[in-house]
Amino acid sequence: MASLPLLQIESVSKNYGEHHVKALSAVTINIERGEFVSLMGASGCGKSTLLNLIAGLDSASSGRIIFDGADVTKLSDEAVTALRAKKIGFVFQFFNLLSTLTVEENVALPLELGGNTNASERQKRVLEMLTQVGMESRLKFYPAQLSGGEMQRVAIARALVHKPELIVADEPTGNLDSENGIKVLELLKHLNKSLNQTIVMATHSEEAGAIGDRIIRMKDGLVLSDSLVKH
Ligand SMILES: Nc1ncnc2c1ncn2[C@@H]1O[C@H](COP(=O)(O)OP(=O)(O)O)[C@@H](O)[C@H]1O
Ligand SMILES: [Mg+2]
């Protein structure tokens, strides 16, 4: 029997506020396990809105989002929060590391929030992840002591540390110079290939988007095209 897609987005719409801005109009997308999907389009086309709905950070106006067999649109707020904490890792444009915590403390956070009470197990996993992203020599550093590219690599380790089903990355290279941007994209690609990590990445950059195996183009809240990339 064919297994279900990891993520089924069925005719999802999102309207904002009293002016009824239509941020998404009947978007339908399936995402399979192990895919690296680039969500592309100009600023304002609805990429972040869609990622936030997928990650349960916001709720749809209509339609259904089935994630790993659960209808996210029908779950309580508590259940969505629990699902997100367990199964999704988020990578942001501005890294969103906590400035008062060290690199290793930042990366350990999702494990603590997930209720992993074994400190030595946590430490082992954190070191494993920071080695994976090439940041194992910066355990005791604070975010302010790192470059943008290094901060994003730490943020990626944090997103991965609890072995999520899905990584959602919103403009992960948007605040990096091109050299560091390429390093972050190569890291995401490597994680996708070596761990079979499913990734959905929003970007307005053609160069960044080309790293994915599949490109979904959006405009004005609609999906324009959806195609596989030949590398
Ligand atoms: N919280 C909000 N309130 C009202 N409108 C919003 C809000 N968030 C996004 N929008 C609008 O929804 C549309 C899509 O925005 P967004 O998803 O952020 O696009 P993108 O990430 O592709 O740049 C835009 O027109 C934006 O102005
Ligand atoms: Mg955006």
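The values are calculated or read from the model by the stated rules, or taken from the named source; none is laboratory data. Everything numeric in this text was worked out from a predicted model, so none of it was measured. As a convention, Cβ positions derive from the backbone with ideal geometry for all residues, glycine included, and neighbour counts pool all protein chains shown.
In the stretch 1-78, which strands (runs of 3 or more DSSP E) lie fully inside it and hold 1 or more residues that are closer than 20 Å to residue 229 by Cβ?
Strands (runs of 3 or more DSSP E) meeting the threshold: 7-16, 21-31, 36-40.
Within 16 Å of residue 216 (Cβ to Cβ) and either surrounded by fewer than 22 Cβ atoms within 10 Å (Cβ to Cβ) or at pLDDT below 95 (or both): is that true of residue 18 in this structure? Spell out the reasoning first.
Numbers: within 16 Å of residue 216 (Cβ to Cβ): no; either surrounded by fewer than 22 Cβ atoms within 10 Å (Cβ to Cβ) or at pLDDT below 95 (or both): yes.
Considered against the rule, which asks whether it is within 16 Å of residue 216 (Cβ to Cβ) and either surrounded by fewer than 22 Cβ atoms within 10 Å (Cβ to Cβ) or at pLDDT below 95 (or both), residue 18 comes out as no.
Restricting the search to the stretch 43-71, which residues are over 13 Å from residue 26 (Cβ atoms) and polar (S, T, N, Q)?
43, 48, 49, 52, 59
Within the stretch 52-89, track down each residue that is surrounded by 21 or more Cβ atoms within 10 Å (Cβ to Cβ), within 15 Å of ligand 1 (Cβ to nearest atom) and closer than 23 Å to residue 205 by Cβ.
53, 54, 55
Looking at this structure, is residue 95 of a type outside the set (Gly, Ala, Ser) and either part of a helix (DSSP H, G or I) or within 14 Å of ligand 2 (Cβ to nearest atom) (or both)?
Judged against the criteria, residue 95 is not a match.
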